[in-house]
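A quick write-up on the structure given underneath.
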Amino acid sequence: VSLKQRVLQVMNDSFDAAFASALSGVAHEFNCDPNRWKCSMLVSANHWLGTTLETPQQSVEAALDTRRRIMQHACWKSGHGRFLRRTALTPENADTIWSKIRSEYIQTLADSGKDE
């Protein structure tokens with residue numbers, strides 16, 4: 001069972017709580033240390049760029065921090081079946097949101113030592 005499937009199974013709580021629960025379960029099941037794991041985050045930028053951006057590999061805690069920083073600016077909520085509704089945005093709002101998300105994404109690249 002993938003970590004993503006486990007997160008979706010326990011998604012009654014916040015994402016962070018569901019992720020921590022799923023991570024703990026997988027680590028216990030496979031007898032491994034999740035502190036050694038690396039992960040990346042997919043950032044939906046289809047509305048602006050026609051693609052999805054991926055953050056560099058980070059520790060789990062750093063990836064969750066990146067997620068929190070980016071999601072604070074998002075006009076959609078994370079989770080299965082939720083998406084950006086273009087009709088709900090004015091061009092100005094879309095530009096403002098993208099500017100904030102882009103800034104957080106670039107900061108994540110800079111923090112990891114990657115160029116823009």
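Take the alpha carbon gyration tensor of region 1-54, find the square roots of its eigenvalues, order them as a ≥ b ≥ c, and report rounded if a/c is under 1.5; if not, report prolate when a/b exceeds b/c, else oblate.
Because a/c hits 1.5 or more and a/b exceeds b/c, region 1-54 counts as prolate.
With the Cα gyration tensor of region 35-74 giving a ≥ b ≥ c as the square roots of its eigenvalues, does the rule (a/c under 1.5 for rounded; else a/b larger than b/c for prolate; else oblate) give rounded, prolate or oblate?
On the way: a/c = 4.73, a/b = 1.74, b/c = 2.72.
Oblate, because a/c is 1.5 or more while a/b does not exceed b/c.
Mean residue ellipticity at 222 nm from the helices of the chain, using -39,500 (n - 2.57) per DSSP H segment of n ≥ 4 over the full residue count, to the nearest 500 deg cm²/dmol? Intermediate values should be presented prior to the final figure.
Details: 5 runs with 60 residues, N = 116.
About -16000 deg cm²/dmol.
Indicate the gyration tensor shape class of the chain (rounded, prolate or oblate), computed on the Cα atoms with a ≥ b ≥ c the square roots of the eigenvalues: a/c under 1.5 is rounded; otherwise a/b larger than b/c is prolate and the rest oblate.
oblate
Convert each backbone phi in region 7-12 into a coupling constant with the Karplus relation 6.51 cos²θ - 1.76 cosθ + 1.60 (shift: θ = phi - 60°), then list the ³J(HN,Hα) values in order as whole Hz, x for Gly and Pro.
4, 5, 5, 10, 6, 6
Taking a probe of 1.4 Å, how large is the accessible area per residue of the chain, in Å²?
68
By how many degrees, 0 to 90 and rounded to 10, does the Cα axis of helix 91-111 deviate from the longest principal axis of the chain?
The two axes meet at around 40 degrees.
Please list Thr96, Thr66 in order of solvent-accessible area, largest first, computed with a 1.4 Å probe with all protein chains present.
Thr96, Thr66
Explain nothing, just the number: dipole magnitude of region 1-75 about its Cα centre with +1 on each Lys and Arg Cβ and -1 on each Asp and Glu Cβ, in debye rounded to the nearest 20.
Dipole magnitude for region 1-75 comes out near 140 debye.
Among His73, His28, what's the order by accessible area (1.4 angstrom probe), most exposed first?
Output order, biggest surface exposure first: His28, His73.
Can you work out ³J(HN,Hα) from phi for every residue in region 52-61, in order, using Karplus 6.51 cos²θ - 1.76 cosθ + 1.60 and θ = phi - 60°, giving whole Hz and x for Gly and Pro?
Values, residue by residue: 10, 9, 10, 6, x, 4, 9, 5, 4, 4 Hz.
If you average the sequence gap of Cα pairs under 8 Å that are 6 or more apart and divide by the length of the chain, what percent do you get for the contact order? Spell out each step's value before the answer.
Values: 100 pairs, mean separation 20.3, N = 116.
Relative CO of the chain lands at 18 percent.
The values are calculated or read from the model by the stated rules, or taken from the named source; none is laboratory data. Since the structure is predicted, the reported quantities are computational estimates derived from the model, not experimental observations. Glycine also receives a Cβ, built like all others from the backbone with ideal geometry; neighbour counts cover every protein chain displayed. What goes into the accessible areas is simple: the full protein's heavy atoms, side chains included, and nothing from ligands, DNA or RNA. Shrake-Rupley method; radii C 1.70, N 1.55, O 1.52, S 1.80 Å.
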